[in-house]
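Data first, discussion second: the structure below is written as structure tokens.
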Amino acid sequence: MKKALITGITGQDGSYLTELLLDKGYEVYGIIRRSSSFHTGRIDHLYRDPHEQPALKLIYGDLTDGGDLSTVVNEIQPDEVYNLGAQSHVRVSFDMPIYTADVDALGTLRLLEAIRTIKNPPRFYQASSSEMYGKVVETPQTEKTPFYPRSPYGCAKVYSYWQTVNYREAYDLFACNGILFNHESPRRGETFVTRKITRAATRIKLGLQKDLYLGNVDAKRDWGFAGDYVEAMWLMLQQDAPDDYVVATGENHSVCEFLDEVFGRLDLDWSEYVKKDPKYFRPAEVDILLGDPGKAKKELGWRPRVTFKELAQMMTEADMKLAEEEKILKDHGRG
């Protein structure tokens, strides 16, 4: 049985990747930060019968603690490591730039050092981001497009990208970068724009909310389904040689188009409810991101399955169920 170690296992991508690996017969270990409350909602359904030997194990650890990471890696001796842990909100990275760099940049370096020093280093996947392209110098963006990050988050991810390449070339590690463009799902955090929209629209439909405040609604992104994208992560680590790949749909849509899809499905006109709020604008904006997944399609045999419209429908239906539950509680005087 193969063993995989995942940082960021309780996040959107971590939960979908865990499902994929368990289905493939892996023993999965997830690093979670110690806190006073549990944040495992996205993976609670993956625990096996407690009377059996579980295939999913959670371990306390932190990307800011290199010694702890070394201990975890040495104890587990994983076959594959997926570094998905990060402070992943771009706008928040402007408010917390030092913390973002410590976790997203130096955290990757600490993990690379931890795996480099063991006898049989595991294969390593680094969650790189389309935000590294930032103020894009060409469209669409490929594996050869120069980076021009426009946020502390993007800068931290560029650092991690090149450290991954450097460790691959300097120490002969099997280390890959997946340059993932925006990927969403019903498990997306509610502060990210797509989920913020579906959550608000369904609550507005049921009279639980009046308005939705957003920033730049003209920004264009290449949006795919997170469940599709984790398959590309796994495929990268199954190749004969390590490499870096853009993972995207090859299509881009504006925030306005996503609003059209979501509010339209609810027979609402979003312009009546959406208000612009300056606090949601970034100090340095990224106007357009569009990935070319040609290399991933050719070399990995990977294809995105869920379309933009299907993604909007999936997220709207899931959040409508949440809104309906919320309304029931409110109507019974418990909301």
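With the condition kept exactly as written, say whether any residue in the range 116-125 is at pLDDT below 95 and in contact with a Pro (Cβ under 7 Å, 6 or more places away or on another chain). No. Among residues of the range 90-106 that are closer than 23 Å to N177 by Cβ, those with a Cβ under 8 angstrom from a residue that is basic (K, R) and surrounded by 17 or more Cβ atoms within 10 Å (Cβ to Cβ), sequence gap 6+ or separate chain, pair up as D104/K157; A105/K157. For the range 312-326, the set of residues classified as out of contact with any helix residue (DSSP H, G or I) (no Cβ under 8 Å at 6 or more places or on another chain) and buried (at least 17 other Cβ atoms within 10 Å of the Cβ) consists of M314 only.
Looking across the range 130-145, the residues that are open to solvent by less than 10 Å² (accessible area, probe 1.4 Å) and out of contact with any Gly (no Cβ under 7 Å at 6 or more places or on another chain) come down to Y133, T145. Return yes when G294 is closer than 30 Å to T142 by Cβ, among the small types (G, A, S) and either surrounded by fewer than 12 Cβ atoms within 10 Å (Cβ to Cβ) or modelled with pLDDT of 95 or more (or both) and no when it is not. Here the answer is yes, as G294 does meet what is asked. Residues A175, A156: which one is in contact with a Lys or Arg (Cβ under 7 Å, 6 or more places away or on another chain), aliphatic (A, V, I, L, M) and closer than 15 Å to Q126 by Cβ? Just one listed residue meets the conditions, A175.
Of all the residues in the range 143-179, those that are under 19 Å from the mean Cα position of the chain (by Cα) and of a type in the set (S, T, Y) number 6.
Here is the figure for the range 74-122: residues that are touching a strand residue (DSSP E or B) at 6+ places or on another chain (Cβ under 9 Å), open to solvent by 60 Å² or more (accessible area, probe 1.4 Å) and part of a helix (DSSP H, G or I) total 1. Name the pairs: first residue in the range 129-150 and over 18 Å from V247 (Cβ atoms), second residue open to solvent by 50 Å² or more (accessible area, probe 1.4 Å) and hydroxyl-bearing (S, T, Y), Cβ to Cβ under 8 Å, at least 6 apart or on different chains? Filtered contacts from the range 129-150: K135/Y148; V137/Y148.
Only a single item in (1) part of a helix (DSSP H, G or I); (2) closer than 30 Å to M96 by Cβ; (3) modelled with pLDDT under 95 is not met by M315, and it is number (3). Quick one: in the range 280-309, which of the residues that are assigned to a helix (DSSP H, G or I) and touching a residue at least 12 places away in the same chain (Cβ under 8 Å) is farthest from F181 (Cα to Cα)? The selected residue is Y280. It is to be established whether one or more residues within the range 148-155 are in a loop (DSSP other than H, G, I, E, B), more than 22 Å from A296 (Cα to Cα) and in contact with a Cys (Cβ under 7 Å, 6 or more places away or on another chain). Within the range 148-155 (the criterion being in a loop (DSSP other than H, G, I, E, B), more than 22 Å from A296 (Cα to Cα) and in contact with a Cys (Cβ under 7 Å, 6 or more places away or on another chain)), the answer is yes, since at least one residue qualifies.
The values are calculated or read from the model by the stated rules, or taken from the named source; none is laboratory data. Computed from a prediction, not measured in an experiment: that's the story for all the values here. Here the Cβ is made from the backbone with ideal geometry for all residues, glycine too, and neighbour counts use every protein chain on show. What goes into the accessible areas is simple: the full protein's heavy atoms, side chains included, and nothing from ligands, DNA or RNA. Shrake-Rupley method; radii C 1.70, N 1.55, O 1.52, S 1.80 Å.
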